[in-house]
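Input: a single structure, listed below in structure tokens.
The values are calculated or read from the model by the stated rules, or taken from the named source; none is laboratory data. Since the structure is predicted, the reported quantities are computational estimates derived from the model, not experimental observations. Note that each Cβ is placed from the backbone with ideal geometry, even for glycine, and that neighbours are counted across all protein chains shown.
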Amino acid sequence: MATKFLIRGGRPLTGRVHIGGAKNSALPIVTAAALAAEGESILDNVPSNSDIHHLCQILRELGCELEWVGENSLRISAVNLTNHVAPYNIARKLRGSTYVMGLLLARLGRGEVACPGGCEIGARPVDFHLKGFKALGADVTVEHGAMIAHEVQLQGGRFYVDRASVGTTVNMMITASLTPGITMLENAACEPEIVDLANFINGMGGRVRGAGTNMIRVEGVQRLHGCRHEVIPDRIEAGTYMLAVAAAGGDVLIENVIPEHLNTLIAKMREAGQEVEELEDSVRVRSRRPIISADVETQVHPGFPTDLQSPWSALIGLANGISVVQETIFENRFGFVNELIRMGANIKVDRNTAIIRGVERYTGAPVEAKDIRGGAALVVAALAADGTTELGGLQFIDRGYHGMAEKLATLGADIRRVDYPENNV
Ligand code: UD1
């Protein structure tokens with residue numbers, strides 16, 4: 001069976017939607033929970049998406065015990081983490097599995113983890129991670145599609161994080177937390193998910209300072225213990241719903257968000273003529289017409305997030321003029337554009353720049369998601385389109401958006417998840 005979304009567009013969205021925990025925070029935090037050799041951690045607000053389930057499977061294979069103790073609460077005990085090999089068939093499925101190498105180095109001093117997969121939005125190498133491990137004394141090589149670290153004695157060190165890589169910063173924080181001495185991360189990523197991870201590690205008894213700035217200091221401790229922690233809300237999921245409301249029309253309260261995490265998107269949406277009201281832990285979006293053209297360039301935090309570039313492009317494709325979108329983080333993040341063009345968009349891509357000439361409306365069409373956020377962009381377009389869109393490739397959307405069809409249906413969208421026999425697809 002293949003599963004698709006059937007979306008009949010043109011219905012305004014109204015009501016309230018509750019945002020889940022951040023996937024990109026939960027992946028490092030669930031991994032970091034396994035740093036604790038004593039006690040157990042309870043993590044709240046963990047999104048129940050396929051990436052998290054795969055990570056849980058990997059950690060179980062390593063000897064950890066993980067149990068859902070509520071819809072979004074996960075209990076983790078890593079007292080029996082003894083296996084240093086993460087199974088290839090699961091680890092390759094998600095980018096976040098790279099963190100498992102940091103964990104294994106920290107806990108066992110060695111490890112073997114398949115090189116990660118994840119979305120095809122660029123080459124996504126692991127060279128920065130390997131350089132980082134080396135700076136702490138580890139010898140990690142890539143052999144037969146896996147990262148292999150032989151047993152070594154780690155020692156804190158100084159490391160410059162190329163391109164302020166989020167994943168490399170996470171990995172270094174995880175490894176350095178149990179590495180003797182002091183590790184200084186220069187040009188570290190400043191994303192809110194990094195701050196969330198630092199807070200969790202400190203809650204476990206770690207010593208991480210400076211998270212949220214581009215200089216992070218980690219003092220290694222001998223042991224970490226479990227603790228309770230609530231994962232921050234997913235700013236990318238929130239942003240996607242905000243853009244969906246602006247595109248489809250309507251008035252929606254987006255709940256369980258930290259509005260400051262969405263500052264850049266809010267500024268850009270206002271520039272595009274949309275009404276966005278910031279409340280204590282929610283934002284209200286009221287769509288306005290016309291949508292005004294506005295340019296965007298993706299940047300590391302606090303710049304415009306690359307993860308919202310695709311759904312933003314879907315919105316701005318309906319604006320009353322020409323908008324320029326520049327993607328500076330991943331080299332291949334315009335994969336969704338051809339599908340959007342099949343829905344009537346007028347977009348020309350030249351290397352990392354998309355020139356988007358606004359059209360009056362999109363029309364529903366059979367389209368295919370090729371990565372998480374590109375899939376979200378097609379949902380945004382379909383909600384605004386005339387007619388019905390059949391959207392395949394839901395395995396990507398499921399990696400980042402739990403219950404998307406249900407949430408949108410509650411807001412009044414005409415969206416259904418439908419199973420088709422394979423030979424009918
Ligand atoms: C994370 C997020 C992803 C987000 C991205 C940028 C997770 C699980 N994923 O991805 O949703 O879009 O941050 O905010 O949190 N690079 C290298 N070599 C490396 C590592 C990265 O060349 O070893 C390059 C990447 O190809 C990319 C750039 O550096 O061009 C930044 O990537 P990075 O910040 O590391 O992204 P991820 O951690 O993979």
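Scanning the stretch 43-59 for any residue that is at pLDDT 95 or above, small (Gly, Ala, Ser) and under 20 Å from residue 197 (Cβ atoms) turns up nothing.
Return yes when residue 257 is assigned to a loop (DSSP other than H, G, I, E, B) and in contact (Cβ under 8 Å) with a residue 24 or more places away in the chain and no when it is not. In short, yes. Evaluate the following for residue 85: is it outside the structural domain of residue 412 (by TED's automatic domain parsing) and either within 16 Å of the ligand (Cβ to nearest atom) or in contact with a helix residue (DSSP H, G or I) (Cβ under 9 Å, 6 or more places away or on another chain) (or both)? Yes; evaluated as a whole, the condition is true for this residue.
Residue-by-condition table, conditions (1) free of Cβ contacts under 8 Å to residues at least 60 places away in the same chain; (2) part of a helix (DSSP H, G or I); (3) within 19 Å of the chain's Cα centre (by Cα):
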position: 16; (1), (2), (3): no, no, no
position: 25; (1), (2), (3): no, yes, yes
position: 29; (1), (2), (3): no, yes, yes
position: 35; (1), (2), (3): no, no, no
position: 53; (1), (2), (3): yes, yes, yes
position: 67; (1), (2), (3): yes, no, no
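The set of residues in the stretch 156-169 that are surrounded by fewer than 15 Cβ atoms within 10 Å (Cβ to Cβ) and outside any strand (DSSP E or B) comprises 162, 163.
Taking (1) out of contact with any helix residue (DSSP H, G or I) (no Cβ under 7 Å at 6 or more places or on another chain); (2) outside the structural domain of residue 11 (by TED's automatic domain parsing); (3) within 16 Å of the ligand (Cβ to nearest atom) in turn, residue 264 satisfies each apart from (2).
If you go through the stretch 293-331 and keep only what is of a type in the set (Gly, Ala, Ser), surrounded by fewer than 21 Cβ atoms within 10 Å (Cβ to Cβ) and within 15 Å of the ligand (Cβ to nearest atom), you end up with just 303. Checked against the criterion of being of a type in the set (Ser, Thr, Tyr), within 15 Å of the ligand (Cβ to nearest atom) and surrounded by 24 or more Cβ atoms within 10 Å (Cβ to Cβ), the stretch 178-200 contains not a single residue that satisfies it. Within the stretch 275-289, none of the residues are modelled with pLDDT of 95 or more, surrounded by 24 or more Cβ atoms within 10 Å (Cβ to Cβ), within 16 Å of the ligand (Cβ to nearest atom) and part of a strand (DSSP E or B).
One residue stands out among those in the stretch 201-211 that are in contact with a strand residue (DSSP E or B) (Cβ under 7 Å, 6 or more places away or on another chain) and surrounded by 20 or more Cβ atoms within 10 Å (Cβ to Cβ): the one that is nearest to residue 160 (Cα to Cα), which is 208. In the stretch 126-146, which residues are more than 11 Å from the ligand (Cβ to nearest atom), buried (at least 18 other Cβ atoms within 10 Å of the Cβ) and either free of Cβ contacts under 8 Å to residues at least 24 places away in the same chain or not in a helix (DSSP H, G or I) (or both)? Within the stretch 126-146, 136, 138, 140, 146 qualify.
Per the listing 58, 76, the residue uniquely in contact (Cβ under 8 Å) with a residue 12 or more places away in the chain, more than 17 Å from residue 168 (Cβ to Cβ), touching a strand residue (DSSP E or B) at 6+ places or on another chain (Cβ under 7 Å) and within 15 Å of the ligand (Cβ to nearest atom) is 58. Scanning the stretch 260-271 for residues that are surrounded by fewer than 20 Cβ atoms within 10 Å (Cβ to Cβ) and not hydrophobic (A, V, I, L, M, F, W, C) gives 260, 263, 264, 270, 271.
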